[in-house]
Amino acid sequence: MKQLSITQKKWLKSIHLLAAGIWITTGLIMFLLHFMHNEVQTGDQLHLLNKIIHFIDMKILVPSAVVSLLTGWIYSQFTKWGYFQHGWITFKWIITLLIIILGSIYSGPWIAEMVKISGELGMAALSNTEYQWYDKWQTVMGICMNGTLIFTIFLSVFKPWKSNKKIS
C-alpha cells in the first residue's frame with residue numbers, strides 16, 4: 001500500500017491536530033454556554049443563547065469532527081499506524097465513531113429542540129419539563145463527550161497499549 005511522504009504526514013498531522021483541537025474547544029464552549037441560563041433575563045436572550053449553541057454545533061463542531069475523522073482515516077490507511085495494530089488507535093476509532101454517532105442521533109437533535117422550545121415559550125422554557133429534560137441530558141452528554149475527547153488526547157500522547165502484532 002502506498003505510504004505518505006514525510007511532508008504529507010506533517011501536513012496531515014497538522015490538519016488532524018487542528019481539527020481535533022477545534023472539536024474539543026467548541027465542545028467545551030457549548031457545554032459551558034449551557035451554564036449561562038442563570039444570566040439570561042428575557043425569552044429572546046434564552047432563544048439566542050440556544051441558537052448560538054446550535055450554530056456552534058452545526059457550523060464549527062460537526063465539520064471539525066468530520067475533518068478529524070477523515071484525517072484519522074487517512075492516517076490509518078496510508079501510514080504504518082494502521083487501524084488495529086495498536087490498541088490505543090483501535091480504542092480511539094471506537095470512541096471517535098461513537099461520539100459522532102451519539103452526537104448525530106441525540107445531542108444535535110436535542111439542541112435543535114431546545115432552540116425550538118425556547119423560541120416558542122421564551123423564559124417559560126426554563127420551567128418546561130421537556131426543555132428541562134433536554135437541558136439535563138445535554139449537560140450529561142456534554143460531560144461524557146468532552147471528558148472522553150480529552151481522554152483521547154492523553155491516549156494519543158502516552159500510547160498506553162502495546163502493538164497487537166505478535167512478535168515471533
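Quick notes on this one:
- Set against the 2.2 N^0.38 Å expectation for a compact globular protein, region 6-158 has a Cα radius of gyration ratio of 1.18.
- Convex hull of alpha carbon positions in region 1-63: directionally averaged projected area 5.2 nm².
- Summary value for region 6-158: 32 percent relative contact order, contacts being C-alpha pairs under 8 angstrom separated by 6+ residues.
- Derived scalar couplings ³J(HN,Hα) [region 89-106; Karplus, 6.51 cos²θ - 1.76 cosθ + 1.60; whole Hz; x for Gly, Pro]: 6, 4, 4, 4, 4, 4, 4, 4, 5, 4, 5, 5, 5, 5, x, 6, 7, 10
- Sequentially through region 29-43, phi angles give Karplus couplings (6.51, -1.76, 1.60; θ = phi - 60°) of 4, 4, 4, 5, 4, 4, 7, 8, 3, 5, 8, 6, 10, 10, x Hz, Gly and Pro residues having no value and appearing as x.
- HIS86 long-range amide H proximity, modeled H, under 5 Å: ASN164
Bear in mind these aren't lab numbers, they're just calculated from the coordinates by the rules spelled out. Because the structure is predicted, anything quoted here is derived from the model rather than measured.
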